[in-house]
Amino acid sequence: MSILALFAHTLDGDWRPSESSAFFTVKPNRVVGSSFFEETLGTYKLLAFGYSSIVNDFHANAFQQDMGFTPENLSEATLVFHRMMETLYLLETNRSVSQFQGGVPATVIFKIDKEVAPEVLLQRFQKWASGPRYSAQKIKQLKESPPPEFTADQLAEMSSSPRIPKEVYSGMEKARELAGAKIFTIPHSMKDTQMKAWDLVVGVRADQGNTTIAAGLRDEVGSYFSHASSNSLQASPSSDPVATFEIPLSAALLEKMGTNNLSDPNGPLGPLAVGLGEPIQKIRKVSGTAQFSGPRVHLDMIVDFADSQSAQSLWSVAQASLGMSQLSAMRKQLQNPQLKPMISMDFMQRIKLQHKGTQVVVHVEALPVDLFPWAVPR
């Protein structure tokens, strides 16, 4: 099966609010259990330390124990972002999230390969939330060497304070049914001040040995459970990619973003504007997949264009640029063999470009050392 057919098969039946919705999906259980992941942690102490810190965190451990889930149970995590590119383009970076008066149009979906009833899941969350905010070891350290800003009464209060006060999440048990799912409203007290007006909910559905959790705005979570069939709860076959993404673009959005200026030789692209300016304006979708093969990851990015001529033009420029970069890297390596390049020649030779009709496909085969050259080796 070709990579294009595999990617198309992956998208069949997936829910999206509209054609302008972007999505990003990863299968954590297959990432954590892969040879690539083990090779990465075994090679780079910085990444290994970070992962170990997260896994062994006091609250993370308690969360796994109380909820009954581990990373190995998380079969899929997806972010669906409605009008993502338009939202990011209109985003005012100097303003807070309050500019999204109705809420950020994004939905997070988790699929877990254990079936747990929504009511039981809520009880487990309440158990975790009522647990100690500080570990016994941390309290002991503070009592043995108390910081000057803490009094004995404050330390005593810290010993018994819960992770989340009960009044913050009270009322969540008042859920309503929708398409076989329970929809729990997130109380105002659990939201940031600037998010009070957002109608945020968490939906849970358990079926066929799996549990699906969706969080986001009420309308979109409700739409997801109304349209997602029970078949979507089935675990994906191991032949599927471990990660996929898709970002749609439109002619109207690209025009609004000012991409027509890219055709000007005196503009941002300079001399490259002659070959890249117009084709960039014809991009309609960027998508990609990742698959593991032993300690290597195979990354494929697909750029869809409005017509084959634009795809041909961008492929020609990209192919020439890649060849020039490879030639330049080879010269530098011959001139100074002792100098370790940031991007190895071997890795650059594993980058392949292909033109197929209205698409340009970029294939990259990478080892951990290729993707994390900045990390500190053991």
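Taken over segment 179-194, residues that are modelled with pLDDT of 90 or more and of a type in the set (A, V, I, L, M) amount to 2. Working only within segment 322-358, note down all residues that are modelled with pLDDT of 85 or more, surrounded by fewer than 15 Cβ atoms within 10 Å (Cβ to Cβ), under 30 Å from the mean Cα position of the chain (by Cα) and over 18 Å from residue 299 (Cβ atoms). Listed by number, the list holds a single entry, 357. Residues of segment 282-319 that are outside any strand (DSSP E or B), farther than 22 Å from residue 256 by Cα and under 28 Å from the mean Cα position of the chain (by Cα): 294, 295, 315, 318.
Going by what's in this entry, would residue 200 be described as touching a residue at least 40 places away in the same chain (Cβ under 8 Å), of a type outside the set (Ser, Thr, Tyr) and surrounded by 13 or more Cβ atoms within 10 Å (Cβ to Cβ)? Against the criterion (touching a residue at least 40 places away in the same chain (Cβ under 8 Å), of a type outside the set (Ser, Thr, Tyr) and surrounded by 13 or more Cβ atoms within 10 Å (Cβ to Cβ)), residue 200 qualifies. When residue 111 is tested against the conditions (1) among the basic types (Lys, Arg); (2) assigned to a loop (DSSP other than H, G, I, E, B); (3) modelled with pLDDT of 90 or more, the lone failure is (2). Every condition in (1) surrounded by fewer than 17 Cβ atoms within 10 Å (Cβ to Cβ); (2) over 30 Å from residue 209 (Cα atoms); (3) touching a residue at least 24 places away in the same chain (Cβ under 8 Å) holds for residue 115 except the one numbered (2).
Look at (1) touching a Pro at 6+ places or on another chain (Cβ under 8 Å); (2) at pLDDT below 90; (3) not acidic (Asp, Glu) and you find that residue 223 fails only one, number (2). Look through segment 291-321, keep the residues that are of a type in the set (Gly, Ala, Ser) and closer than 15 Å to residue 349 by Cα, and return whichever of them is surrounded by the most Cβ atoms within 10 Å (Cβ to Cβ). By that ranking, first place goes to 318.
Looking only at residues in segment 1-31 that are assigned to a helix (DSSP H, G or I) and at pLDDT 90 or above, the one that is nearest to the chain's Cα centre (by Cα) is 28.
Looking at residue 63, is it part of a helix (DSSP H, G or I) and modelled with pLDDT of 80 or more? When the stated conditions are applied, residue 63 passes them.
Filter segment 168-194 for residues that are assigned to a strand (DSSP E or B), touching a residue at least 60 places away in the same chain (Cβ under 8 Å) and exposed (fewer than 14 other Cβ atoms within 10 Å of the Cβ) and give the result.
Within segment 168-194, no residue meets the criteria.
When the residues of segment 43-67 are narrowed to those that are surrounded by 14 or more Cβ atoms within 10 Å (Cβ to Cβ) and of a type in the set (Gly, Ala, Ser), which ends up nearest to the chain's Cα centre (by Cα)? Step by step, filter segment 43-67, then rank; the result is 48. Condition check for residue 218 on (1) within 25 Å of residue 86 (Cα to Cα); (2) at pLDDT below 90: one failure, at (2). List every residue pair whose Cβ atoms lie under 8 Å apart, where the two residues are 6 or more positions apart in sequence or sit on different chains, the first residue falls within segment 342-361 and is over 28 Å from residue 309 (Cβ atoms), and the second residue, located anywhere, is in a strand (DSSP E or B). Once the first residue is over 28 Å from residue 309 (Cβ atoms) and sits in segment 342-361, its partners that are in a strand (DSSP E or B) give 347/366; 350/364; 350/365; 350/366. Only a single criterion out of (1) modelled with pLDDT under 90; (2) closer than 28 Å to residue 300 by Cβ; (3) aliphatic (A, V, I, L, M) is not satisfied by residue 197, namely (2). Taking the residues in segment 114-157 that are part of a loop (DSSP other than H, G, I, E, B) and acidic (Asp, Glu) as candidates, determine which candidate is nearest to residue 74 (Cα to Cα). Across segment 114-157, the extreme among qualifying residues is 115.
The values are calculated or read from the model by the stated rules, or taken from the named source; none is laboratory data. Treat the numbers as computed from the prediction; the structure is a model and nothing was measured. FYI the Cβ positions are ideal-geometry reconstructions off the backbone, even for glycines, and counts take in every protein chain you see.
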